[in-house]
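What follows is a single structure, written as structure tokens, with notes after it.
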């Protein structure tokens, strides 16, 4: 089975969902995670703190630079992710559809490179 990254994107500055909607999303994501585990798709998953908690580390002309903030200057940022095992892209996309419904956000699917 191939491993896929299912990345959840959040939009900076977007009005946050009502507390009831957030509670439902948490319950739905928990249920989705349990389904992934039961069906053998689960590898790893995690939610991320907001982008203002990000730190970027890079080397520029041999000098180490550490800066605040997310690397891309964009309104869309990675908010969380799943790493799943799937037989093929079609199966990964089916899982991503369920993930998007559960977390109420867009989910990008990308296969890992062969090792």
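No value in this document is a laboratory result; all are computed from the given coordinates. The structure displayed is predicted, hence computed values, not measured ones. Here Cβ is always computed from backbone atoms with ideal geometry, including for glycine, and neighbour counts include all displayed protein chains.
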Scan region 37-56 and give yes if some residue there is in contact with a helix residue (DSSP H, G or I) (Cβ under 9 Å, 6 or more places away or on another chain), touching a residue at least 40 places away in the same chain (Cβ under 8 Å) and exposed (fewer than 13 other Cβ atoms within 10 Å of the Cβ), otherwise no.
no
Restricting to strands (runs of 3 or more DSSP E) lying wholly in region 1-69: which have 2 or more residues that are more than 15 Å from the chain's Cα centre (by Cα)?
55-60, 63-68
Pairs returned, first residue in region 102-114 that is in contact (Cβ under 8 Å) with a residue 12 or more places away in the chain and on the phi > 0 side of the Ramachandran plot, second residue that is assigned to a loop (DSSP other than H, G, I, E, B) and loosely packed, with under 14 Cβ neighbours inside 10 Å, beta-carbon separation under 8 angstrom, 6 or more apart or interchain, are 104/17
Residue selected from region 69-78 under the condition touching a residue at least 12 places away in the same chain (Cβ under 8 Å) and either in contact with a helix residue (DSSP H, G or I) (Cβ under 8 Å, 6 or more places away or on another chain) or exposed (fewer than 10 other Cβ atoms within 10 Å of the Cβ) (or both), by the criterion nearest to residue 6 (Cα to Cα):
77
